Ligand code: DX5
Ligand code: ZN
């Protein structure tokens, strides 16, 4: 059964939706962090974002869409965090960032954009606990899943099956009842608007597993 990580990026009332998610069997809360540089949009600063921990008991899956992850890792390591993921497209020293995450005994991941080659992940595989395959170009919630990403998920699955490490495949963005068919090889589905725009969160979560 797939795990479900819920993104509140498109939520209109974050405390209310987080408390509502406590009543569901969602596995993680996906925390999208944007710096206005790696992507155009900027999310709230840590001083505000940290309050999500007042409203959720679930473990956090932190997705850093930022140019300088090392500024954010120590902050998000303080919360109830299971995974911290940064982007493979970054220019900075990715291995140093992954090692920084490991120092906090937190699982680490790399996210890969729709136009980036799966092979770009190869140097980092020994460090990784998860790969987030983006189903959309990062920056906004509520975008349509890009179907060709389905091939990328299959290619990644084939690559990982030849490696002796256990690395979760997490697919993030544009996932609905219609597009989940592209994600059969995923272990985790990260889903925002399809769940948070609905009245009955549990019904949507169950429909995706
Ligand atoms: C996109 C974010 C995703 C997004 C998912 O930049 O990384 O996590 O919020 O939301 P939906 O499911 O609405 O595409
Ligand atoms: Zn995300």
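Readers should treat all values here as calculations from the given coordinates under stated rules, not as data from a laboratory. The model shown is predicted, which means the values in this text are computed figures rather than measured ones. Cβ atoms come from the backbone with ideal geometry, glycine included; neighbour counts cover every protein chain shown.
Taking every DSSP beta bridge with both residues inside the range 3-208, roughly what % is antiparallel (nearest 5)? Can you show the working numbers first?
Details: 1 of 36 bridges.
Beta bridges within the range 3-208, antiparallel portion: roughly 5 percent.
How many nm separate the modelled label positions at residue 12 and residue 57, each set 7 Å beyond the Cα in the direction of the Cβ?
Between residue 12 and residue 57, the simple spin-label model gives 2.8 nm.
What distance in nm separates the two pseudo spin-label positions at residue 47 and residue 137, each 7 Å out from Cα along the beta-carbon direction?
With each label point 7 Å from Cα toward Cβ, the separation is 3.3 nm.
Ordered by packing density, taken as the mean number of other Cβ atoms within 10 Å over each peptide's residues, highest first, how do 92-99, 168-175, 157-164, 30-37 rank?
168-175, 30-37, 92-99, 157-164
Within 10 Å, count the other beta carbons around each residue, average over each peptide in 133-145, 16-28, and list them highest first. Walk me through the numbers on the way to the answer.
On the way: 133-145: 19.2, 16-28: 17.0.
Final packing ranking: 133-145, 16-28.
Place the peptides 177-189, 112-124 in order of packing, highest mean first, counting for every residue the other Cβ atoms within 10 Å and averaging per peptide. Walk me through the numbers before you get to the answer.
Working: 177-189: 17.9, 112-124: 14.9.
Top to bottom by mean Cβ count within 10 Å: 177-189, 112-124.
Expressed as a rounded percentage, what relative contact order does the chain have, with Cα pairs under 8 Å and six or more residues apart? Working shown, then result.
Values: 401 pairs, mean separation 47.0, N = 209.
Reported relative contact order: 22 percent.
For every helix of n ≥ 4 consecutive DSSP H residues, a contribution of -39,500 (n - 2.57) applies; sum these over the chain, divide by its total residues, and give [θ] at 222 nm rounded to the nearest 500 deg cm²/dmol.
Per the formula, -6500 deg cm²/dmol.
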